[in-house]
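A short write-up of the structure that comes next.
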Amino acid sequence: MVIAAASDRPVQVTRAVALLVISLVLGLLAWPGIIKSSPPAVTMPSWFFPVIAFWSFGLPALLTFLIFRGHNWARIFMLVLFAQGVLLSLWQLPELLAGSRVRLAVEGACTLLCAVALYLLFTAPSSSWFRRS
């Protein structure tokens, strides 16, 4: 079990986790508006939105916690999820541009925050710390 001591955690990791938490909070605050502006299709099963909510917030929150604790696989998995999200956003870009400017701004801000956080998590001091812990 990997539990990294806070005393040797690089400042880059602490800042990255803070950015990931801010992104999650911003996304959570925007979630009701996003759901309201795009009602589910009649054919969507009842379990669809809880699964999407977990995938969008629960899993990243868990990974953020595990990154803070020093789990190297969690930062790699977060990078994979981020790349998947960016590709999905590019596919949905025409819809995003045609929709609410607030939603576009929130999604853009969350993407930027996560990109900077991931950059910080893969800098030399962070990478060394994750390999050690």
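Shown for R101, R75: other C-beta atoms within 10 Å of each C-beta, ranked fewest to most, produce the order R101, R75. Extension gain for the segment A61 to E95, taken as residue separation times 0.36 nm less the Cα-Cα distance, is 9.6 nm to one decimal. If you look at the Cα atoms of the chain, you get an Rg and a Dmax of 16.3, 52 Å. Highest-first packing order for the peptide set 49-58, 89-98 is 49-58, 89-98, based on the mean count of other beta carbon atoms within 10 Å.
The numbers here are math on the coordinates, done by the rules we state, and not lab data. Just so it is clear, the structure is predicted and the values come from calculations on it, not from any experiment. Here Cβ is always computed from backbone atoms with ideal geometry, including for glycine, and neighbour counts include all displayed protein chains.
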